[in-house]
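Take a look at the structure below.
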Amino acid sequence: MGVHPTAVIDRAAEIDPSAEIGPYVVIEGPVRIGPRTRVLAGAHLTGRAEIGADNVIHPGAVIGHEPQDLSYRGAETGLRIGNRNVLREHCEVQRGTQAGTWTEIGDDNFLMSQAHVAHNCRLGNGVIMATGATLGGHVTVDDQAFISGNCVVHQHCRVGRLVIMRGLSRAARDLPPFAIIDGTHTVRGLNRVGLRRAGFDRERVRALATAFRILFRVRTNLALAMARVEAEVRSADVDHLLEFIRASRRGVAFGPPRGRVGDDEEES
């Protein structure tokens, strides 16, 4: 298809000859678009945006626009998007706020319609954001996390690897790897389905299940629970979980109130 004649493209833009630019697309500023990337009708790409190969950007998406941040004063910032990402209708991904900073999206991510990625966020690989999912500024989302429809993540939070946030849940704390999250940053169990799909064998899942029962079955003293896990469970995955918790600056999501049972088994 090449470049549609109705597209409006800035002279500063760099577009690979194999890329496709659809009708009424607007490309404004020093945008760079890599091989075989498709930008469909009516999308708007702007600013210092670097977009890799084999991405698909759907109608109405706004990519690389100014951050929705009151502290932004027009500094030169940017957005980097890797390869093989899908950004669906009216998705928004904004560039960084402070001079020289970037919003970064890795490879093989799927951002559904009206997903919002704010300034200075960092997404790993294989992340799914469903319709209406919203990330505040400076959020980090690790590989293979699933953020369901209309979920909200507060600025500066971290979402661990293979987390699944159930629809309409919200987080103002860090979400530990491998967890099922719902309500207000509440750990409901181990994401067994996600682990199996990611190739975890029974031994790895069993070790994580033991750690989750100690840490999150009910709300408890987290430091004491971590010490018990370190003494009782030997696993590289559990070590990763504990390291994530230790590195938290905002605090970590907790288990359900005492007396309520999590639904770890329900997801098996």
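In whole percents, the pair-distance distribution calculated for region 116-213 from its alpha-carbon pairs, binned every 10 Å from zero, is 18, 53, 24, 5. Distance between the modelled labels on Leu168 and Ala41, one decimal in nanometres: 3.5 nm (7 Å Cα→Cβ projection).
Quote the FRET efficiency, to the nearest 0.05, computed for Glu66 versus Ala198 with a Förster distance R0 of 51 Å and r equal to the Cβ-Cβ distance.
Using R0 = 51 Å, I get an efficiency of 0.90.
Can you give the % of DSSP beta bridges in the chain that are antiparallel, to the nearest 5? Walk me through the numbers before you get to the answer.
Numbers: 4 of 61 bridges.
Roughly 5 percent of the DSSP beta bridges within the chain come out antiparallel.
Stokes-Einstein, applied to the Kirkwood radius of region 141-268 over Cα pairs at a viscosity of 1.567 mPa s and 4 °C, places its translational diffusion at 91 µm² s⁻¹.
Note on Ile214: accessible area approximately 30 square angstrom, rounded to 10, probe 1.4 Å, nucleic acids and ligands left out. Computed over the chain, the per-residue total of -39500 (n - 2.57) for DSSP H runs of n ≥ 4 gives a 222 nm mean residue ellipticity of -5000 deg cm²/dmol, rounded to 500.
Does region 1-150 come out rounded, prolate or oblate by the C-alpha gyration tensor, with a ≥ b ≥ c the root eigenvalues, rounded set by a/c under 1.5 and, if not, prolate when a/b is larger than b/c and oblate if not? The shape class here is oblate.
The values are calculated or read from the model by the stated rules, or taken from the named source; none is laboratory data. Everything numeric in this text was worked out from a predicted model, so none of it was measured. Please note: Cβ atoms are built from the backbone with ideal geometry, for glycine as well, and neighbour counts cover all protein chains shown. When the accessible area is computed, the model is the full protein with side chains, heavy atoms only, and any ligands, DNA or RNA have been set aside. Shrake-Rupley method; radii C 1.70, N 1.55, O 1.52, S 1.80 Å.
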